[in-house]
1. Restricting to region A:181-225, and then to whatever is among the small types (Gly, Ala, Ser) and either more than 14 Å from the chain's Cα centre (by Cα) or buried (at least 21 other Cβ atoms within 10 Å of the Cβ) (or both), can you tell me which residue is farthest from residue A:55 (Cα to Cα)?
2. Being at pLDDT below 95 and over 27 Å from the mean Cα position of the chain (by Cα) narrows it down to one residue among B:513, B:531, B:496; which is it?
3. For residue B:427, which of the numbered conditions (1) surrounded by fewer than 21 Cβ atoms within 10 Å (Cβ to Cβ); (2) touching a residue at least 60 places away in the same chain (Cβ under 8 Å); (3) within 14 Å of another protein chain (Cβ to nearest Cβ) fails to hold?
4. Identify all residues within region B:16-42 that are over 23 Å from residue B:408 (Cβ atoms) and either part of a loop (DSSP other than H, G, I, E, B) or at pLDDT 90 or above (or both); write none if there are none.
5. From (1) free of Cβ contacts under 8 Å to residues at least 60 places away in the same chain; (2) outside any strand (DSSP E or B); (3) within 8 Å of chain B (Cβ to nearest Cβ), pick out the condition that doesn't hold for residue A:98.
6. Report yes if residue B:377 is part of a loop (DSSP other than H, G, I, E, B), buried (at least 22 other Cβ atoms within 10 Å of the Cβ) and small (Gly, Ala, Ser), otherwise no.
7. Could you list, in sequence order, the residues of region B:273-308 that are assigned to a helix (DSSP H, G or I), within 9 Å of chain A (Cβ to nearest Cβ) and crowded, with 22+ Cβ neighbours inside 10 Å?
8. Kindly provide the set of residues from region B:358-371 that are on the phi < 0 side of the Ramachandran plot and surrounded by fewer than 24 Cβ atoms within 10 Å (Cβ to Cβ), ordered by number.
Amino acid sequence: MKNSINLTTKSKITWCPGCPNSQILVALRQVIEDMVKDNRLKIENVVMAAGIGCHGKITDYLNTNSFTGLHGRVIPAMTGIKCANPNLTVIGSCGDGDAYSEGLEHLIHAARRNSDIKIFIHDNQLFALTTGQASARSPKGFKGKSTPFGSIEEPFNPLLAMLAVGATFVARTYAGDIQGTKRVIQAAVIHKGFSFVDIIQPCITFFDTIDFFKERIFWIDEKEPVNDLKKAMELVNRDNDKVPLGIFYNVEKATFEGQIHNI
Amino acid sequence: MSKDPHSGIFTVGIGGAAGDGVREAGQSLGALLCDLGYEVFISFNYPSLIRGGHNFSRISFSEGKVWCDHERLDVLIALNEEAIQIHKNELNKNAVIFADSFEPDDIKEFGANAVIVPMLESSKELGAPPITRNSVALGATCYLLGLHFPQMQKVLQEVFKEKRLEANIKLADIGYEHLKKMNFRHSKSSAPSLGREQSSNEADTSRRGLAARGDSPRREVVGEVSETVPMRSDGGLSKEVVDGNVAFGKGLEAAGLDFYIGYPMTPATGILHYLAGNQNKSGVKVIQPESELSVINMALGIAYAGKRVAIGSATGGFALMQEAFSFASMAELPLVIAVSQRQAPATGVPTYSSQSDLQMVIHSGHGEFPRIVIAPGDAEEAFLAGANALDLAWKYQLPVIVLLDKILSEHSATSLLDSKNIKMEYGKVSDNMDGNYGRYKITPDGISPMAFPGTSNTVVKITGYEHDSSGITADEADSVKAMIDKRFAKTETLFKELSNRETVKVYGDTNSKNIIVFWGSTKGPVMEVAKYLNKPVKLAQILWVEPFDIEKVMRELKGAEKIINIECNHNGQMAALIREKTGIEVTDNILKYDSRPFEVAELLKQINEKLN
């Protein structure tokens, strides 16, 4: 069959059985497969990047070019890859510990300079691979192994921060909704510029928020305009009563790499 | 035997406030003297601030090679009164001071050698900014040195090409005429003779001989040609006054650099400035990201995608990069890193020098892994180190450090940057497209064929985890050991070619049992002092500090009666390295750690004491 590809590898999947990371893997793999089949992507031009954390195993499970970087440091590497070869589509997975706790500056600067890279945050609101400590996303009062009396810190709002610093594509999705996640991932990959997607990925072992989110998530109306920054900021800044999913903001700007090669 | 270390060398000092253009004036004079055929060394000292602090540029020149600058001044251009007070104790007998005005005490002290030159006034009259007043002093200096002004103009035009050309030329003319009108004469103030002006090469002569011809007010010849310095052999290339940072950058360009990534930090910033300014000519892309961590990780991405990349920082910035430095080795990505030392620990003395990071860089990064560290001693070696580092990084797929320091980075010397031996090696590039490519294929020499993303039917996986030959995480004991052995096999391969590399350089009397060992920019003062030593000595410069060329170093040091190790640090780091690698103990150490380089007269005295 034309353009048929096998993106699985010999690696045994070692995420916990039932971990939503597997759903993100399926969604991502299917988007790549679909886009390659439709000739919208060449598989040799796909580079998967990942940092360190549970999410980071994803590069072992995808038979694509890959760059498994350091904890919190994969985003500048992705910009480097895109600068070196603008024909590549650079897709990166990061964890919330890996992008919001350590290395947050890289996320902000990549967004600010509109680096043409696609970031998917596997957001489980804690450090899971190190067996359950608070991350920048853990809610106040979170009891983990390093915060036995409850975290005293307010959590970070990544979507609001990304909008504030100039990200040109800002979205959120929920790992358990594979079809919805695929739609967002595909739009993010197609977007020319910095794409930021926070994927809610409950950690079923250390912080099971599946029921919490099932009650609160809802998809925003896709027909609403996506170029209204103020409205997008309001949408992502609401209290935890409801958790909106979808593409909040999607505009075009000159990319960093495009400008580098136009000097 | 001993000669005065300042004879035959003429030194001009320019002192003023930060923002007065002291550095630029020094560079202009240096370029001028270089064009006239002189050998020049320019130092520049400044505190870590932008305006107001005292800046000082010193230009030493001679007809023979000048390896470092000389403290004793023949001319002081004082752009403010402070400069006179700070430097008056450094003046040679009969030295001349140029200033806008003098305090009565100064006139009493210096008499006719205190020469009023209307610098500020002239630039004001022309409506030019105050910074251009340097040019008046430059013109006056030309007259004093006996340089024939009409012929100088051509050279000045080149020097001032982009810097307010008309005003600067006019102001230089005013300075020159001012001294001429005064009919200023002084017995000791004369440029060293260009003794080779009777060269059989006509073209050469016409370029170099400018100063000696015409109706210049030349008086006596001060210069004494040093026999130890080889005659200039241009081979069609022209010499330039260049600092180590620029020379290193040019070396990278010559070896096909694609990207330079840097975050500003003195004294490595000059590399960033040079390569950024030259982008349109060279095609190199220059990026300044948000931090040193971003710098090195971005560079790793660039190397992975198949482009030649270098980064640079002071050692403090490099300290921030440790984890990613280790990653470069694990992922086997070719990366060149310039590390320029300044006085540490911590922020230390930001604008002054040190050689205290040798042991740090050879051990930097967590884990055990091969790396190459080259420590050039002058701008010409920095140029070659830049080019060779890029080739070596690609050939061996590992990080290569070029270790510089403030003196080497920011002080300039007449240099010949010759790219004819630069190879542009890309190493083993894969042509395997059968779908079974493995980035970390085990090979006898440890070097796996490289492929890059974007190659059809090829999956290139790299990672900071220990991995199997396909780049997938692997933590089984036998596979961990196999990969460590593979990476260290590269060192074995590299050892085999050390004999073909210039890892150690030897100068002076190679049969002498008295040996001076040095590395890095200490080469300058050591080579300069060697012109005047009481006894014949052998000089051994160690260029490759990792891997250490044990065989060559042992060969050079074996049987020595005296080994004097000279370096700018507290602990004698090179002495420790020599002992660790060869078992040879140096007999004497001359160490300096006040953040200033060795001064020629002082070092000469110290070495002579050790030799006696």
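1. A:193
2. Of the residues listed, the single one that is at pLDDT below 95 and over 27 Å from the mean Cα position of the chain (by Cα) is B:496.
3. Failing condition for residue B:427: (3).
4. Result: B:16, B:17, B:19, B:20, B:21, B:36, B:37.
5. Only one criterion is unmet by residue A:98, namely (3).
6. Against the criterion (part of a loop (DSSP other than H, G, I, E, B), buried (at least 22 other Cβ atoms within 10 Å of the Cβ) and small (Gly, Ala, Ser)), residue B:377 qualifies.
7. Matches in region B:273-308: B:293, B:294, B:295, B:296, B:297, B:298, B:299, B:300, B:301, B:302, B:303, B:304.
8. B:359, B:360, B:361, B:362, B:363, B:364, B:366, B:368, B:369, B:370
The values are calculated or read from the model by the stated rules, or taken from the named source; none is laboratory data. In this text the structure is predicted, and so the values were computed from the model without any measurement. We place every Cβ from the backbone using ideal geometry, glycine too, and count neighbours over all the protein chains shown.
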